[in-house]
Amino acid sequence: MTRSLITGGAGFIGSHLADRLIELGHEVYIIDDLSTGSIQNVLHLKAHPKFHYELDTIMNEKLLAELVDTCDNVYHLAATVGVQLVVDSPVNTIENITKGTELVLKWASKKSKKVLITSTSEVYGKSITTPFTETDDLTLGPTSKGRWSYACSKMLDEFLALAYWRERKLPVVIVRLFNTVGPRQTGRYGMVIPRFVSQALAGEPLTVYEDGKMVRSFGYVGDVVGAIIDLMQHPNTAGEIYNIGNPSKITIEDLALLVIRLTESNSTLHYIPYRDAYMEGFEDIRSRVPNIKKINALTGYQPKVELDEIIRQVIAYTRDNPNSA
Ligand code: UDP
């Protein structure tokens, strides 16, 4: 039996990962300070004999060291998430991401435990050669534009993880998650699908930013956690980087129309310039689509759940949990 530690285990993706590992018969330990996660996400697991949780920050180094020691491997998901939070709290964003990963890698290395680092498709920045491939150059904007601090911090995490692999032979695998969606995701930090679903269910206008022509690919959280576990368990993934997502693409404007159709809402679209949505000079990513050939060749990964079904699940979840938004 494997014992796994999930940092950020009460978050949206972390809690789905905990569910899947428990289903597979693993012993699961989570640590989460509930800064963006919610105890609600793991309430159903609390009584499970193989589920253990610590409501604390990974900056509590003594506790982190103990947990890493107890477990066989570490899924590191704890981080600041969401464009809104990155824009509003840049100091926390940079410090949480870089210091958190530094500590996780330090202790995993001391105890020789395989680590999976969750990076992000944001690292591809504003490159216009989509789909994005793991070996592509990464094209970020200037440091004066706060949005890029998130991508840059995650890039530093990747460099550090790969350095631990090269220099100290710590087995690390890096995943670049593209827009991941499904039940339990909150719209509080900017994420578009829970925001649109809540707005449509309330009969309010859907806030489409700028011209709505931005292109995104949305991956189902259940597909994503399956891929993450396969990569952790695979013997040849150390020192490697993998995109995880669903290459099907849609514009944000079409997404808004789809949400209106699936909720049978009378809502309209309300176009808002970026300066009102985020801040003056905000730079968005026009198109973001993953190339998933690398993970597909290794594990046979293929996304199974498509956007209509994902949105239906988010609608049902939002109806059942009206305070989750
Ligand atoms: N977006 C939007 N209206 C919203 C929230 C987001 O038009 O209320 C847009 C946002 O500008 C981006 C896309 O939807 O182009 C996806 O945003 P999200 O924050 O979910 O993820 P991102 O791809 O920016 O990381």
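The values are calculated or read from the model by the stated rules, or taken from the named source; none is laboratory data. A quick note: this is a predicted structure, and the numbers were derived from the prediction, not measured. No Cβ is skipped: glycine too gets one built from the backbone with ideal geometry, and neighbour counts run over all protein chains shown. Calculation scope for accessible area: heavy atoms of the full protein, side chains included, ligands and nucleic acids excluded. Shrake-Rupley method; radii C 1.70, N 1.55, O 1.52, S 1.80 Å.
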For the stretch 259-283, name all the residues that are away from the ligand (no atom under 14 Å from the Cβ) and free of Cβ contacts under 8 Å to residues at least 24 places away in the same chain.
-> Arg261, Glu264, Glu280
Going by the conditions given, is Gly219 more than 11 Å from the ligand (Cβ to nearest atom) and in contact with a Ser or Thr (Cβ under 7 Å, 6 or more places away or on another chain)?
-> yes
Top-ranked residue of the stretch 134-157 - restricted to ones that are of a type in the set (S, T, N, Q) and open to solvent by 40 Å² or more (accessible area, probe 1.4 Å), ranked as farthest from Gly14 (Cα to Cα) | Ser144
Any residue in the stretch 116-132 that is free of Cβ contacts under 8 Å to residues at least 40 places away in the same chain, open to solvent by less than 50 Å² (accessible area, probe 1.4 Å), on the phi < 0 side of the Ramachandran plot and within 16 Å of the ligand (Cβ to nearest atom)?
-> yes
Checking Asn96, Asn41 in turn, the sole residue that is open to solvent by 30 Å² or more (accessible area, probe 1.4 Å), part of a helix (DSSP H, G or I) and among the polar types (S, T, N, Q) turns out to be Asn96
Being in contact (Cβ under 8 Å) with a residue 12 or more places away in the chain, of a type outside the set (Asp, Glu) and assigned to a loop (DSSP other than H, G, I, E, B) is the filter; apply it to the stretch 44-59 and report the residue that is surrounded by the most Cβ atoms within 10 Å (Cβ to Cβ).
-> Ile58
Report yes if some residue within the stretch 73-88 is of a type in the set (Gly, Ala, Ser), open to solvent by 50 Å² or more (accessible area, probe 1.4 Å) and part of a loop (DSSP other than H, G, I, E, B); otherwise report no.
-> no
